[in-house]
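Only the coordinates and a few stated rules stand behind these numbers; no lab work does. Here the structure is a predicted model, which is why all the values come from computation and not from measurement. Neighbour counts run over all protein chains shown; Cβ positions are idealised from the backbone, glycine included.
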Amino acid sequence: MAEYKILENRPDIKKVMTISEFCNEYNLGRNKAYTLCHKSDAPVIFNGKKILFIKAKVDEWMESLIGKHI
């Protein structure tokens, strides 16, 4: 009988998040999320109608907004 290699289960590692995921992660409403994603320095990718936040840069960017009126 053939031996099968068992692959380790690893969590799904996504490098981007949608508007809905961004709202849930940062406890924001959809309108505020859309306002933020259209700021010139926002770490986003516009893929047609889909807006994707780059996870690796979002925390640092959100920290840069501390104390600013958004």
Is there a quick way to get the dipole size of the chain? I mean about its Cα centre, with the Cβ of Lys and Arg at +1 and of Asp and Glu at -1; what is the value in debye to the nearest 20? 340 debye
Residue by residue, what Karplus-based ³J(HN,Hα) values in Hz, rounded to whole numbers, does the range 48-57 have, using 6.51, -1.76 and 1.60 with θ = phi - 60° and x for Gly and Pro? x, 8, 7, 10, 10, 8, 7, 4, 5, 10
Could you give me the ³J(HN,Hα) list for the range 19-27, computed from phi with Karplus coefficients 6.51, -1.76, 1.60 and θ = phi - 60°, whole Hz, x at Gly and Pro? 4, 4, 5, 4, 4, 5, 5, 10, 6
What value, in deg cm²/dmol to 500, does the helix sum -39500 (n - 2.57) over DSSP H runs of n ≥ 4 give at 222 nm once divided by the residues of the chain? -10500 deg cm²/dmol
For the range 16-64, rounded, prolate or oblate, judged on the Cα gyration tensor with a ≥ b ≥ c (square roots of eigenvalues), a/c < 1.5 rounded, else prolate if a/b > b/c? rounded
Return the long-range amide H neighbours of residue 16 (sequence gap of 5 or more, or a different chain), with a cut-off of under 5 Å between placed amide H atoms. 55
